[in-house]
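> Before anything else, here's the structure in question.
The values are calculated or read from the model by the stated rules, or taken from the named source; none is laboratory data. As the structure is a computational prediction, the values presented were derived from the model and not from experiment. In this analysis, Cβ positions are derived from the backbone assuming ideal geometry, glycine residues included, and neighbour counts consider all displayed protein chains. Just the protein is used for accessible areas: all its heavy atoms, side chains included, with ligands, DNA and RNA removed. Shrake-Rupley method; radii C 1.70, N 1.55, O 1.52, S 1.80 Å.
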Amino acid sequence: SFDYGAAMLFEEFAVRKLVRKLLELHGCTVIEACSGREALDLWGDVCDEISVVVSDVVMPEGVSGWDLAKKLHAARPDLGILLTSGYNQRPDDHGLAEAENVAFLQKPYEAKELKSNLYDLMHPKAG
């Protein structure tokens, strides 16, 4: 089990529901936000509890997953951030090439890929 807190940030209800279930099966407490703006609004209240953020890059209300990742990474460089998208974009294309603890997962993906990425973000290798 992961035994960490997690923030879930998906605008797509079905995906959010499935990912939440997977995280909870691995011992995560899940806090959901439906948009990047809502995530930023919640951040101040939950930032100390969160060890990983999962976000689609395409989100409503004018704050993309890329924008969210940049803001949260600047505030907490140790925070694990997993961005997902069906579009062929990479962190390098959005100024996040050098950002540690930021990963990208191309949709569609399998549960084992999600689990592996989350585990790596929650248990960074000592370098």
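> Over 21 Å between Cα atoms, which of Lys17/Lys70; Lys17/Lys112; Lys21/Lys71; Lys71/Lys107; Lys21/Lys70 qualify? Don't jump to the answer; show the numbers that get you there.
Values: Lys17/Lys70 25 Å; Lys17/Lys112 16 Å; Lys21/Lys71 27 Å; Lys71/Lys107 23 Å; Lys21/Lys70 26 Å.
Violating the 21 Å limit, Cα to Cα: Lys17/Lys70; Lys21/Lys71; Lys71/Lys107; Lys21/Lys70.
> Determine the principal axes of the Cα atoms in the chain, then give the extent along each, sorted from largest to smallest and rounded to whole angstroms.
Dimensions of the chain along the principal axes of its Cα atoms: 37, 33, 32 Å.
> Of all DSSP beta bridges in segment 52-127, what percent run antiparallel (nearest 5)?
Working: 0 of 10 bridges.
Taking every DSSP beta bridge with both residues in segment 52-127, the antiparallel ones total about 0 percent.
> Another question about this same structure. What's the percent breakdown of Cα-Cα distances in segment 19-78 across 10 Å bins, shortest bin first?
Per 10 Å bin, starting at 0, the Cα pair percentages come out as 21, 54, 24, 0.
> Just want the answer: with Cβ charges of +1 for Lys and Arg and -1 for Asp and Glu, which residue in Ala111, Ile31, Cys47 is farthest toward the dipole's positive end in the chain?
Ala111
> Looking at Val102, Phe13, Met59, which one has the Cα that reaches farthest to the positive end of the dipole of the chain (charges on Cβ: Lys, Arg +1; Asp, Glu -1)?
Phe13
> When the dipole is taken about the Cα centre of segment 12-127, and only Lys, Arg (+1) and Asp, Glu (-1) are charged at their Cβ, what size is it in debye, to the nearest 20?
On the way: 13 positive and 19 negative charges, 68 e Å.
Magnitude of the dipole: close to 320 debye.
> Still on this model: Just the projected area, averaged over all directions, of the convex hull on the alpha carbon atoms of segment 57-100: how many nm²? Spell out each step's value before the answer.
Numbers: hull surface 12.5 nm².
Its average projected convex-hull area is 3.1 nm².
> Additional query: Assuming 0.36 nm per residue, please report the length gained on full extension of the stretch Lys112 to Glu24 beyond their Cα-Cα distance.
Working: separation 88, 0.36 × 88 = 31.68 nm, distance 1.46 nm.
Gain in length upon complete extension: 30.2 nm.
> Students sometimes get this wrong: rank Arg37, Arg20 by accessible area, probe 1.4 Å, all chains present, largest first. Numbers along the way, then the final one.
Values: Arg37 105, Arg20 70 Å².
Result of the area sort, largest leading: Arg37, Arg20.
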